[in-house]
Amino acid sequence: MKTVREIAAERTFLLSALASSSITVGILAFMVFMGLPLLHEGGFFAILGNAWDPYRGAYGIYPMIAGTAAVSLLGLAVAFPLSLGCSFLTAGIAPKPLRGVLRRFIELMTGIPTVIYGFVGIFLLVPIIREFFRDGSGMCVLTAALVLGVMISPTMTLFFRDAFDRIPRAYLNAADALGASRAQKLIHVMLPLAKKGMLNGVILALGRAVGDTLIALMLAGNSAQVPSSVMEPARTLTAHIALVIAADYESPEFRSIFACGVVLYLFTMALTFLVRYLAHGEDARI
Amino acid sequence: MRRRILEKATVWFSWAAGLTLLASVAVLLCYLLAKGHEALSTGLIFGGTPPLRALLLQERVFDGLFPALAGTLLLIILSIAWAIPVGISTGIYLAEYADGRVKKALDAFFDVLAGIPSIVVGLFGFASAVFLHRHFSDRIGPCLLISSISLSFLVLPYLIRTTQAALEGIPGETRLTALALGATRVQNIFLVLIPRSLPGIMSGIVLAIGRCAEDTAVIMLTGAVASAGLPSSLLSQYEAVPFYIYYISSQYADPAELTSGYGASILLLMLCAVLFSAAYGIRKGLTHCTLYRA
């Protein structure tokens, strides 16, 4: 026996759920719709594979894809050892009272706005890189990747910690009972057990690195060419969207940013599903 | 012996990595404070205008952060106002009603939504503004309304996930007591389950506020500009603190402007620090899984 109020409330909840999930689909659909004229002009793969040269009528986003790959992978390479070390510290290497403090600190670090990383990067790191390598303006893949690495490390550390926390207590007690030191327990027991969860953390951090706009926009130099070394400037997909937004609404330049949007969307979606798939496998194992 | 070396190396490596990360963040903070501490005064916010007159909107502030702060505040209030009802009801639906395939599908949708880069959400907002401008009314363009709706999309997954997690964390006995006493399902939700999970929901709201305050990518595409004064309506452009910081970094004209950029960074950093510690404080077991988006 359901009263009208019961049904109304249930319908409202259902409606909200449908509305919020339709946003997910709506964003993709709308971007495909806006970018559609571009497809008629040259085909999807031509856009992905071509160079960016507006004066010659080439509106390919390949340089931006390469730039995104360079900045985010290098950023990940910076962040991985940092996060690994930090998660080891908080998981057992550091003395006990320090661990909690450290973890609290790392949690707080996830709240630092990206625009502040970018701002400090421009005025502190860019001159250092410029002076140190004496090559170019200092705004390059390396600068952006260093700052990006510091930016994603706290989140990655917390994901690694999650993976460690999911290890059943009995395994750890067994290692303790056998007289393992903290480092031994970490290397021989915790690390092999947490491998999969840590992979998840790396994938999620990659998604974050690819999706970040401000650091790449402010620090990577934004030249629309495939970078041939880490000292060269590059433009990421996200920065491309931010830079071209002011162009004429009917122009192919403007259309190309929707191709960037679709690529970013599909890539992060693929990462999300990869994480879900891996997490599912892990649940089945334990 | 080789094992010994490996263990020693692990310990050294961990300390080196931890200290490197802490040192880089410490350098960042110290650098900001060193450069920006002299800017921290009421002049930073109100410029040459008397604070009281500015607050009462009697006089326009030209050389201070007051319009940017007001813009950020309005943006937060509006985005949260759109996101809270939808986000919390969706969280309730996920935790209390959905099951089986429906729940799995919705879960997947919200995971994807949480992973979408904020610039893509901003692009969506911008494109909608262009679309509406062309097909409905000339008065609609990138504006406060569009920005706040886009931002609410961005923070929706936080609210959904924290609400869902808080509700699902309630023990089964508590869940059944009111039902056994004859309460209906909806009464049980509103009178027992929601009050019990309020800390979790609150922490989600505070986190969402933090995201709204710091996000730059969405607002730079959907209507934040360098000088607009106070927004006069929902359809006008506005200033915001993170956008101001971004703008100053590339367009500053003199050292004084740059110093105020440092000052603005310190203000934003303090705001986010307060919000994040509040969120973690409200609910200790808060998961950061909802937080990974750039």
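A few points about this structure:
- Pairs of alpha carbons in the range B:165-268 whose separation is greater than 19 Å (percent): 62 percent
- In nm, spacing of pseudo-spin labels at B:Trp15 and B:Arg196 (7 Å Cα→C-beta vector): 4.7 nm
- One equal scatterer on each Cα of the range A:81-217, no solvent, Debye formula: the resulting log10 I(q)/I(0) at q = 0.09, 0.19 Å⁻¹ is -0.35, -1.05.
- Helices in chain B that qualify as membrane-span-like (whole DSSP H runs, Cα extent of at least 20 Å along the helix axis, mean Kyte-Doolittle hydropathy of 0.0 or higher) are B:2-36, B:66-92, B:100-115, B:118-135, B:144-168, B:198-214, B:255-282.
- Centroid-to-centroid, using Cα positions, the range B:163-208 and the range B:1-21 are 45 Å apart.
- Distance between the pseudo-spin-label points of B:Leu234 and A:His188 (7 Å out from Cα toward the beta carbon): 6.5 nm.
- When chain B is treated as a Gaussian network with alpha carbon springs shorter than 10 Å, the biggest mean-square fluctuation among B:Tyr244, B:Tyr158, B:Tyr31 belongs to B:Tyr31.
- Sequence of A:Ile257, A:Ile167 once ranked by neighbouring C-beta atoms within 10 Å, starting from the fewest: A:Ile167, A:Ile257
- Remark: relative contact order (chain A) = 26 percent; criterion is Cα-Cα distance under 8 angstrom and separation of 6 or more residues.
- Label point at B:Ala278 placed 7 Å out along Cα→Cβ; residues across the range B:180-198 whose backbone nitrogen lies under 17 Å: B:198
- Cα-only Debye scattering, the range B:62-291: base-10 log of I(q)/I(0) at q = 0.10 Å⁻¹: -0.53
- Ratio of the Cα radius of gyration of the range B:2-67 to 2.2 N^0.38 Å, where N counts its residues: 2.18
- Angstrom value of the Kirkwood radius, inverse mean 1/r, which spans all Cα pairs in chain A: 21.6 Å
- Efficiency of FRET from Cβ geometry, A:Leu278 and A:Asp176, R₀ 30 Å, rounded to 0.05: 0.55
- The order of B:Ile116, A:Ile112, going from fewest to most other C-beta atoms within 10 Å of their C-beta, is A:Ile112, B:Ile116.
- Where Rh is the Kirkwood radius over Cα pairs, Rg/Rh for the range A:178-286: 1.18
- Look at the stretch B:19-31: the mean tally of other chain Cβ atoms within 10 Å of its residues' Cβ atoms is 6.
- Estimated translational D of the protein assembly as shown in µm²/s (Stokes, Kirkwood radius over Cα pairs; 25 °C; 0.890 mPa s): 98 µm²/s
- Residues A:Trp52, B:Trp12 in ascending order of nearby Cβ atoms (within 10 Å, fewest first): B:Trp12, A:Trp52.
- Membrane-span-like helices of chain A, defined as complete DSSP H segments with a Cα extent of 27 Å or more along the helix axis and a mean Kyte hydropathy of at least 1.0, are identified as A:4-42, A:62-88, A:141-165.
- Only helices enter the 222 nm calculation for chain B: every DSSP H run of n ≥ 4 contributes -39,500 (n - 2.57), and dividing by all residues gives -23000 deg cm²/dmol, rounded to 500.
- Span from the the range A:178-221 Cα centroid across to the the range B:214-242 one, whole angstrom: 35 Å
Coordinate-derived values only; no laboratory data. Treat the numbers as computed from the prediction; the structure is a model and nothing was measured. Using ideal geometry, Cβ is built from the backbone for each residue, glycine included, and neighbour counts are taken over all protein chains shown.
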